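Colleague: Submitted below is the structure of interest, expressed as structure tokens.
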Amino acid sequence: MDHIVTESPNDPRLLSAVARLHLQLGSIRQAELQFMRIEQLVPSDDKLARMNRALYAVASGKYEAARELFNSVAGDAIEDRVCAANNACVCDVYLGHPQRMLDALQKLMVAAPRAAGASEELVFNYCTGLDLQYDGQKLREEKARKMVDVAMWAGDGFNTASFKLQ
């Protein structure tokens, strides 16, 4: 995989993509080496560098640090806010705060319904939080309510498996 980098060894986005692949494959040390190269190429407050640090923190089991870094990435662009906030909320689950995750995701979906409410990943994580907090009739009601909300924001191509209806 690293041979891909030889053609553009100073491209932080390419290096970041390769490092993130290493994370997904469980090669934490290889990812760390790529992330260190990126840190030499971009300013320390660069959004890409902070997101990489956050992802590395998750892979290292440092969820509080990851949550803080994800929250620092949430900028003006709604796509950045949705992605970073969603990741921060996943950290909340690992930190034992599923209700905090639900509250934050709900707030984000209300503030930016077209971007957040139509994000399959975010809806999936929200429904996972519901699964952790509720059961029975209350769980079904909450998911049904969220399905109605999402139907207003998302197109016909929305993957309903995100609701985890079983």
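The values are calculated or read from the model by the stated rules, or taken from the named source; none is laboratory data. Keep in mind that what you see is a predicted model, and the values were worked out from it rather than measured. Here Cβ is always computed from backbone atoms with ideal geometry, including for glycine, and neighbour counts include all displayed protein chains. SASA here: full protein model, heavy atoms, side chains in, ligands and nucleic acids out. Shrake-Rupley method; radii C 1.70, N 1.55, O 1.52, S 1.80 Å.
Colleague: Leaving out ligands, DNA and RNA, and with a 1.4 Å probe, what % of the accessible surface on the chain is carbon or sulfur? Don't skip to the end; give the middle numbers.
Modeller: Working: 4890 of 9190 Å².
Answer for the chain is 53 percent, counting heavy atoms of protein chains only.
Colleague: Less than 10 Å Cβ to Cβ from L165, Lys/Arg counted +1 and Asp/Glu -1: what total charge do the surrounding residues give? Numbers along the way, then the final one.
Modeller: On the way: positive: R140, K143, K164; negative: none.
It works out to a net charge of +3.
Colleague: Here's a follow-up. Over segment 34-166, give the accessible area per residue in Å² for a 1.4 Å probe, as an integer.
Modeller: 53
Colleague: Oh, and also: Which label marks the calculated value of Cα extents along the principal axes in Å, given the options (1) 47, 33, 29; (2) 54, 32, 29; (3) 45, 45, 31?
Modeller: Step by step, Cα extents along the principal axes in Å for this structure corresponds to label (2).
Colleague: Dividing the Cα radius of gyration by the Kirkwood radius, what Rg/Rh value follows for segment 102-151? Could you put the intermediate results ahead of the total?
Modeller: Working: Rg = 10.2 Å, Rh = 10.8 Å.
Dividing the radius of gyration by the Kirkwood radius yields 0.95.
Colleague: Sequence gap at least 6, Cα distance under 8 Å: using those rules, report the relative contact order of the chain to the nearest whole percent. Let's see the in-between values first.
Modeller: Working: 181 pairs, mean separation 21.5, N = 166.
Computed value for the chain: 13 percent relative contact order.
Colleague: Over the Cα atoms of segment 82-129, what radius of gyration and what Dmax do you get, in Å?
Modeller: 9.4, 29
Colleague: Applying a 10 Å radius around every beta-carbon, put 108-116, 141-149, 121-129 in order of their mean neighbour count, most first.
Modeller: On the way: 108-116: 17.9, 141-149: 14.6, 121-129: 21.9.
Order by mean packing, descending: 121-129, 108-116, 141-149.
Colleague: Moving to a separate point now. Relative to the longest principal Cα axis of the chain, at what angle does helix 47-59 sit, 0 to 90 degrees, rounded to 10?
Modeller: Helix 47-59 sits at roughly 70 degrees to that axis.
Colleague: Rounded to two decimals, what ratio of Rg to Rh does segment 1-69 give with C-alpha atoms and a Kirkwood Rh?
Modeller: On the way: Rg = 11.4 Å, Rh = 11.9 Å.
Using Cα coordinates only, the ratio equals 0.96.
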